[in-house]
Amino acid sequence: PIAARAAALRRVVGTLHVDPSYDLLGAHDAPRHRTLQRRSLAALDLAIAVSASTAAMWRAHLGLRPDDPPPMVVIPNGIRIARLVRRQDTAAAKAALGIPATDLVIGSVGRLDYAKGYADLLEALPAVLAAVPQARLVHAGRGPLDEALQREAERLGIADRITWLGFRADVRDLLEAAEVYVQPSWCEAQGLGVLEAAALSVPVVATAVGGLPETLDQGQAGWLASPRDPAALALHLIDALRSPALRLRHATALLDRMHRHYTQDHMVTTTMAQYDRLLSEFA
């Protein structure tokens, strides 16, 4: 943004897809980093944030007042819901993955690193399995913690109740097999995995970080657990697995929110409206 402004471009727009909480190790929290971040944002004519939380966290992180530049609007990521129509029922999806029909699948998709909170999920699983022995975690994704998490599962004695799928170009088969989707993140500006699960009518258990509470309507369209709290995560997963009626209620409420706020059409239309507004100033 600073270079674009120096090049005399008439309008500069930026999109905030992450928030300051992603800097888990404080690697970008030195005064020089904050100065660069503040100058970069000030160089924008408009900042588009993927959640209200993301916008608020950047303003708080940089000590910006409400009237300090740049103006910010919230335009959530959207997906093509029609593309995610179910191809098979839950039992058929489980069979395709080699999972017994009697297993209750906790599905999750994400990079295996600290920010995604999978260590907390593994710590929560023994309590979940004690209450719901037929529970099974099925995960798609890879990352730097691959081997460490598999070793931890062995240490906890739960390795036989976890299916690691590795990288998958298409996770629809996993989502179709799931009774519930879990997002145990430590930080999450919005969470595309949650949106894809919602589009397939899979209820969601997530941590109350970043934009996830907005997506789940502050817990009215899903379960919200405190972050970095395996015990709370376990309680919500047990509640979800034990109550088909509650799963249906949350899945229905979340799918309704998807159609109203998180479609690709809504994202594109509202973004284009902002571009048109900025361009009209030169008409």
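In the stretch 29-48, which residues are more than 22 Å from Gly211 (Cβ to Cβ) and either in a helix (DSSP H, G or I) or not hydrophobic (A, V, I, L, M, F, W, C) (or both)? Break it down into steps so the answer makes sense when it comes.
Our first condition is that a residue be more than 22 Å from Gly211 (Cβ to Cβ); within the stretch 29-48, this holds for 30-36, 38-39, 42-43, 45.
Across the stretch 29-48, the qualifying residues are Pro31, Arg32, His33, Arg34, Thr35, Leu36, Arg38, Arg39, Ala42, Asp45.
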### Message
Regarding the stretch 20-35, can at least one residue be identified that is buried (at least 17 other Cβ atoms within 10 Å of the Cβ) and either at pLDDT 95 or above or out of contact with any helix residue (DSSP H, G or I) (no Cβ under 6 Å at 6 or more places or on another chain) (or both)?
### Response
yes
### Task
Return only the number of the condition from (1) buried (at least 21 other Cβ atoms within 10 Å of the Cβ); (2) more than 30 Å from Leu241 (Cα to Cα); (3) not acidic (Asp, Glu) that Val105 does not satisfy.
(2)
### Message
Condition first: in contact (Cβ under 8 Å) with a residue 24 or more places away in the chain, over 16 Å from Val204 (Cβ atoms) and of a type in the set (A, V, I, L, M). Now tell me which residues in the stretch 93-127 satisfy that.
### Response
Ala93, Ala96, Leu97, Ile99, Leu112, Ala115, Ala119, Leu122, Leu125, Ala127
### Query
Looking at (1) open to solvent by 20 Å² or more (accessible area, probe 1.4 Å); (2) over 21 Å from Ile79 (Cα atoms); (3) out of contact with any strand residue (DSSP E or B) (no Cβ under 6 Å at 6 or more places or on another chain), which is the one condition that is false for Ala234?
(1)
### Task
Consider Gly191 carefully, then state whether it is closer than 25 Å to Ile48 by Cα and small (Gly, Ala, Ser).
yes
### Task
Scan the stretch 1-14 and report the pairs whose first residue is closer than 20 Å to Ser280 by Cβ and touching a residue at least 60 places away in the same chain (Cβ under 8 Å) and whose second residue is surrounded by 16 or more Cβ atoms within 10 Å (Cβ to Cβ) and among the charged types (D, E, K, R), with Cβ atoms within less than 7 Å and a gap of 6+ or a chain change.
Arg11/Asp45; Val13/Asp45
### Query
Tally time: how many residues in the stretch 204-231 are under 24 Å from Ser51 (Cα atoms) and open to solvent by less than 30 Å² (accessible area, probe 1.4 Å)?
16
### Query
Of the residues Ala124, Ala131, which is open to solvent by 20 Å² or more (accessible area, probe 1.4 Å) and of a type in the set (A, V, I, L, M, F, W, C)?
Ala131
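The values are calculated or read from the model by the stated rules, or taken from the named source; none is laboratory data. The shown structure was predicted, so the numbers you read here are calculated from the model rather than taken from an experiment. For neighbour counting, all protein chains shown are included, and Cβ atoms are generated from backbone atoms with ideal geometry for every residue, glycine included. Each accessible area value is taken on the protein alone, full model and side chains, heavy atoms only, with ligands, DNA and RNA left out. Shrake-Rupley method; radii C 1.70, N 1.55, O 1.52, S 1.80 Å.
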